[in-house]
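One structure below.
The numbers here are math on the coordinates, done by the rules we state, and not lab data. Note that this is a predicted model, so its numbers are computed, not measured.
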Amino acid sequence: MGRNAIETVMGAVVLLVAGVFVFFAYETAQVKAVQGYEVNALFYKIGGLNPGSDVRISGIKVGTVIDHRLNPETYDAAVRMSIAAEVKLPEDTVASIASEGLLGGKYVRLEPGTEKTHIPEGGMIKKTQDFRSLEDQVGEIIFLATGGSGSNEGPK
């Protein structure tokens, strides 16, 4: 009987330590959605960006992608983001879709401009750069390496 009680106590201690570890990991991993003001941006293609993805400036998380949808007028991807209240984005901020690596997730990279006026709540980031996939980049390199003639004819 004494051995079962010790095993039960040890199991409870292990579960408690695991719970503390999960709490610590959640708090330090910055996986919570950032609460703040909303801004929007239009992209030609977003390349797998998902709601909940990070919005970063200089690699620091300053926001969260709330959702994305198709703009019925322009057929662009409309991305809605929440930006931390203490971060005031200048009007000439540039938003681009970036990748964390070959197999990593996508995030929105913001490059603040120099304007003195800021994007208001619900405002639009006017300057965007679309996602460039690895296939697009390799195709561009091949195009440049072959002279970019675009002709299928051989040498004459």
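Express the Stokes-Einstein translational diffusion coefficient of the chain in µm² s⁻¹, to the nearest whole number, given a Kirkwood radius over alpha-carbon pairs, 20 °C and a viscosity of 1.002 mPa s.
Details: Rh = 18.9 Å.
D = 113 µm²/s.
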Quiz prompt | Close Lys-Lys pairs in the chain, where close means Cα under 23 Å and separation is 8 or more or interchain | solution = 20
Exercise. Multiply the residue separation of Leu70 and Ile6 by 0.36 nm, subtract the distance between their alpha-carbon atoms, and state the gained length in nm to one decimal.
Key: 17.2 nm
